[in-house]
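FYI, it's all coordinate maths here, none of it is from the lab. On a predicted model such as this, the values are computed, not experimentally measured, just so you know. Cβ placement follows ideal geometry from the backbone for every residue including glycine, while neighbour counts extend to all protein chains displayed.
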Amino acid sequence: MITQARVCIVDDDDEVRESIASFFDSVGMSVATFRAAEDLLASQWLPMADFIVSDLHMRGMSGLGLLHEVRTRRPDLPVVLMTAFGTAEARAQATQLGVHAFLCKPVDPENLLVLIRTVLTGDTASR
Amino acid sequence: MLAICILALDLRQSLDGAVAVLYIAVVLVVAPLGGRYVIASGITAGVLTTAAFLTGHLSHPTNGAYSRFVVSLVAIGITTLLSLRDRSSRTTLGEQARILELSHDTVIIRSNEDVILYWNEGAELLYGWARHEALGKKSSELLRCEYDDPDVDECLRTDGHWSGEVVRNRRDGTRLVLASRWLLRRDPEGRPVGIIESSSDLTARLRSDTERLASERRYRAIFDSAGFAMWESDWSQTVGAVLHAAPPGDLRPWLASHPEIVGPAIQAGVIRHANQAAADLFGVRHREELAGANLCGRYLESGVGAFSTILAALADGETSVEAETRLKTFHGRVADIVLRVTLLPESRDWSHVLVMAFDVTERNHARARFEQASAELAHAGRVSMLGQLAASIAHEVNQPLTAIINYAKSASRWVDRDEPRLDEVEKCLASIVSNGTRAAEVIGRVRSLARKAEPQAEDVDLLDLIDGALSITRREAAAQAVQIVWNRPVAPVPKVRADRVQIQQVLVNLIINGIQAMVSSTGSTRELCVYVKVLPAGDVAVHVRDCGTGFPDGQGTTIFEPFFTTKSDGMGMGLSICRTIIEAGGGTIWAQNNEGAGATVAFSLPA
């Protein structure tokens, strides 16, 4: 069920991160938030996460670094990267690493929800 | 010895005469020794005469013996008295001769034949001939005396004296002008026997008079031809007006708050004379028009403050003081002037005060234009800087806006649930408010930087300004993967007097420069360190240290020159503007390469 989907949100901006979390929370998803990519990689959530939404530019490891790391551990886990400064170079790198979507901020949470639902229902259908 | 011989002779009585009269010789011999010796010898002679008379004639006195005895005593007495008087007049004469010797004037005594009989030290000094060289010479031949007065002889004959100017030769051939007084000498019968004259050198006096005159003329010429306004005033009434009215203590603030005292005090100062530049400054045609005038009506309100400073300083014993004020010329033009007031020497009563006035109107206008240009350049720098930061600023505003939209949509979802969660809605609304505030703050900061306002000095907390500058540049740092280390002191630092916006501009500029210096660097550490130091003098210094490539050698100072840049797309005005801003605030800015990687740019401002 989509409502039980476990979504991980990574952003070093507290307000942006918590506001997205609040939105997914309001639609009944399980949400975990992380201030840094390293925090998610070290947490118990990574193995059971259904979806990752991450900022591109962060102190410490960037969204691309996280994507790269996630690919080695969970090759199929969908990752969405968001950025306010989307360079073509970053987009190309992300695509090469198999990003699910590369979105420009500000990102409408409704759109994000549609995206997650599409992926997860598609996922469910394929099972 | 002589007295004993006379006594022996007297006692023999074989000589029938007044032997005792011979004691006169003793008195005369002793006379040069002094008054006391004369008296003592007189008394001794009297006593010995009496003793001899008593010894020889007491038993059978004769009339002859008596008369000889009395004649001897009288003769001895008269001799003693005459010797005493002679001695006293010798003393007087000796003193007078000594005075003649010591006189700085020349004293010469000439005979009827013009032969020099006396030549004092003054004459030796002035004419150059020693006494032994001059004595016996003819005065007219030696001194080549000339005088204009044709009636000298006539004057001497009728009045017995003459005085006037003579011109004479010195030994070295130079001519001397002398003021001379001649007195005709006469013998006891009244016949002229020569001339005694006393002269003083007029040449030296004439020279000093001439020099004084020349100096006076020089001063006058400088005064008249000076390119700046100058006038000499009599402030003797001013000093009274001020000092009588003022209470003891610091005069300046008291005067500044009592224009009713300062006004009349200025009015009491009267111009003696002024130069043409002063006439030009006040807008009158002839400088004579200023003489006798006072300048009370010419000074504007600000004059009270300037004159309080001047009067207080002069009353305090200073002889020269400077103050700036404004005055209105007779044409109505308002001029900024710097007054330099000097008490002329020996003018303790302020009766001779020299006032110099420098018209600084044009200078002040130029300074104002420069300040305006600097402010405009600084503003242009800020706008350009904000342009560089546009992406960062947009992001800083976008973040809270994103959060607001998310919270709003989230709240809507919480309400739409089968069981609306109002507690969550409330959280969302609170977050919307705080994020709205955050966005407004960013915009406010940007707007204050973009605003074109006159620089205003106020007490500024540098720690707050650093916080603000870092919040604007944070995203820029993040975008370049630069870690900002801000060692914010726990204790407050002294506030500095500066323009908040311009210092903020300097901080942002230095931080951006530091970040950009690390963009091209290949070093592993990308750290920008900001720290504050309170210097021993109390100034507060802010250091911005990067780990970039540093400055090329020897460019630690040239980086502050306009158009210096290491960036291909830079104008090179940023640091130049920073220096203008910091130095205008009385501070200094400097830069140096670190011992390790990168460079540190720092500035300090007085607390």
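Return a whole-number percent for the relative contact order of segment B:199-307, with Cα pairs under 8 Å and 6 or more residues apart as the contact set.
The value is 28 percent.
Give me the tail of P(r) for segment B:374-504 as a percent: Cα-Cα pairs with distance above 18 Å.
66
In which sequence would B:Ile310, B:Ile43, B:Ile24 go, from the one with the fewest C-beta neighbours within 10 Å to the one with the most?
Placing the least packed residue first, the sequence is B:Ile43, B:Ile24, B:Ile310.
If you take all C-alpha pairs in segment B:48-130, what percent of them are over 16 Å apart?
Percent of Cα pairs beyond 16 Å in segment B:48-130: 70.
Please report, in debye to the nearest 20, how large the charge dipole of the protein assembly as shown is about its Cα centre when each Lys and Arg carries +1 at its beta carbon and each Asp and Glu carries -1 there.
It works out to roughly 1020 debye.
Hey, with R₀ at 41 Å, roughly what FRET efficiency would B:Leu213 and B:Glu95 work out to, going by the Cβ-Cβ distance, to 0.05?
Efficiency computed from Cβ-Cβ geometry: 0.55.
With axes computed from alpha carbons, what is the tilt in degrees of helix B:63-102 against the longest principal axis of chain B, rounded to the nearest 10 within 0 to 90?
That works out to roughly 30 degrees.
How many angstrom lie between the Cα centre of segment A:35-87 and the Cα centre of segment B:28-83?
Between the Cα centre of segment A:35-87 and that of segment B:28-83, the gap is 152 Å.
Expressed as a rounded percentage, what relative contact order does chain A have, with Cα pairs under 8 Å and six or more residues apart?
23
For the residue pair B:Arg272 and A:Thr72, what label-to-label distance in nm results when each label sits 7 Å from Cα along the Cα-to-beta-carbon direction?
Spacing of the two 7 Å Cα→Cβ label points: 9.8 nm.
Let's see if you can work this out: charge +1 on each Lys and Arg Cβ, -1 on each Asp and Glu Cβ, no other charges. What is the dipole magnitude of segment A:1-45 about its Cα centre, in debye to the nearest 20?
320
Please list B:331-343, B:396-408, A:21-33, A:85-97 highest first by mean number of surrounding beta-carbon atoms within 10 Å per residue.
B:396-408, A:21-33, B:331-343, A:85-97
If contacts are Cα pairs under 8 angstrom and at least 6 residues apart, what is the relative contact order of segment B:137-240 in percent?
Relative CO of segment B:137-240 lands at 16 percent.
Please work out how much length the chain gains when fully extended from B:Gln592 to B:Asp159, using 0.36 nm per residue of separation minus the C-alpha to C-alpha distance, in nm with one decimal.
146.2 nm
Fewest to most neighbouring Cβ within 10 Å: what's the order for B:Leu354, A:Leu112?
Ordered from fewest to most neighbouring Cβ atoms within 10 Å, B:Leu354, A:Leu112 come out as B:Leu354, A:Leu112.
Could you bin all the Cα-Cα distances of segment B:406-475 into 10 Å bins starting at 0 and give me the percent of pairs in each, rounded to whole numbers?
It works out to 16, 31, 22, 17, 11, 2, in whole percents.
Estimate the FRET efficiency between B:Ala291 and B:Glu318 by the formula 1/(1 + (r/R0)^6), using the beta-carbon distance for r and 30 Å for R0, to the nearest 0.05.
My answer for the efficiency is 0.65.
Expressed as an acute angle from 0 to 90° and rounded to the nearest 10, what is the orientation of the C-alpha long axis of helix B:202-225 relative to the principal long axis of chain B?
For B:202-225 against chain B, the angle is about 20 degrees.
Which one, B:Ala20, B:Gly64, B:Ala3, projects farthest toward the positive side of the charge dipole computed for segment B:1-157 from Cβ point charges (K/R +1, D/E -1)?
Sorting the options by dipole projection puts first B:Gly64.
How many angstrom separate the Cα center of segment B:187-244 from the Cα center of segment B:87-158?
30
Quick one: Cα convex hull volume of segment B:1-139, Å³ per residue?
So the per-residue hull volume is 146 Å³.
Around B:Pro494, what is the net charge, scoring Lys/Arg as +1 and Asp/Glu as -1 over all other residues with Cβ under 15 Å from its Cβ?
Result for the neighbourhood of B:Pro494: -2.
What does the average come to when, for each residue of peptide A:56-64, you count the partner chain Cβ atoms lying within 10 Å of its Cβ?
The mean count of partner-chain Cβ atoms within 10 Å per residue comes to 2.
Extension gain B:Leu354-B:His244, at 0.36 nm per residue separation less the Cα-Cα distance, in nm?
37.3 nm
Between B:Val115 and A:Gln44, how many nm apart are label points set 7 Å from Cα along the C-beta direction?
About 14.9 nm separates the two model spin labels.
If you place +1 on the Cβ of every Lys and Arg, -1 on the Cβ of every Asp and Glu, and leave all else neutral, what size is the dipole of segment B:86-154 about its Cα centre, to the nearest 20 Debye?
Dipole magnitude for segment B:86-154 comes out near 560 debye.
Could you tell me the distance between the Cα centroids of segment B:421-454 and segment B:591-607, to the nearest Å?
That distance is 35 Å.
Could you pull the Rg and Dmax for the protein assembly as shown, using just the Cα atoms, both in Å?
Here Rg and the maximum Cα pair distance are 56.6, 195 Å.
How far is helix B:2-12 tilted, in degrees, relative to the longest principal axis of the Cα atoms in chain B, given as a value from 0 to 90 rounded to the nearest 10?
Helix B:2-12 and the main axis of chain B meet at about 20 degrees.
Give me the number: length gained by fully extending B:Lys138 to B:Ala373, i.e. 0.36 nm times residue separation minus the C-alpha to C-alpha distance, one decimal in nm.
75.8 nm
By counting other Cβ atoms within 10 Å of each Cβ, how are B:Asp159, B:Asp467 ranked from fewest to most?
The most exposed by this proxy come first: B:Asp159, B:Asp467.
What FRET efficiency comes out for the pair B:Arg451/B:Ala607, r = Cβ-Cβ distance, R0 = 45 Å, nearest 0.05?
With R0 = 45 Å, the Cβ-Cβ based efficiency is 0.95.
For a paramagnetic label modelled at 7 Å from the Cα of B:Arg185 toward its Cβ, which residues of segment B:115-131 fall within the zone defined by backbone nitrogen distances under 19 Å?
B:115-124, B:130-131
Across segment B:150-235, how large is the tail of the calculated P(r) beyond 20 Å, expressed as a percent of all Cα pairs?
When every Cα pair of segment B:150-235 is considered, 60 percent fall beyond 20 Å.
log₁₀ I(q)/I(0) of segment B:232-342 at q = 0.13, 0.15, 0.19 Å⁻¹, via Debye over equal Cα point scatterers, no solvent, to two decimals?
Log-scaled intensity ratios, in q order: -0.46, -0.62, -0.99.
Shielding by partners for B:470-483, please: the mean number of other protein chain Cβ atoms within 10 Å of each residue's Cβ.
Going residue by residue through B:470-483 and averaging, the value is 2.
If eta is 1.567 mPa s and T is 4 °C, what Stokes-Einstein diffusion coefficient results for segment A:11-116, Kirkwood Rh from Cα pairs, in µm²/s?
After rounding, the answer is 94 µm²/s.
For the peptides B:492-498, B:184-190, what is the packing order when you average, over each peptide's residues, the other Cβ atoms within 10 Å and list the highest mean first?
In descending order of packing, they fall as B:492-498, B:184-190.
Evaluate peptide A:104-114: per residue, the Cβ atoms of other protein chains within 10 Å of its Cβ; return the mean as an integer.
That works out to 3 on average.
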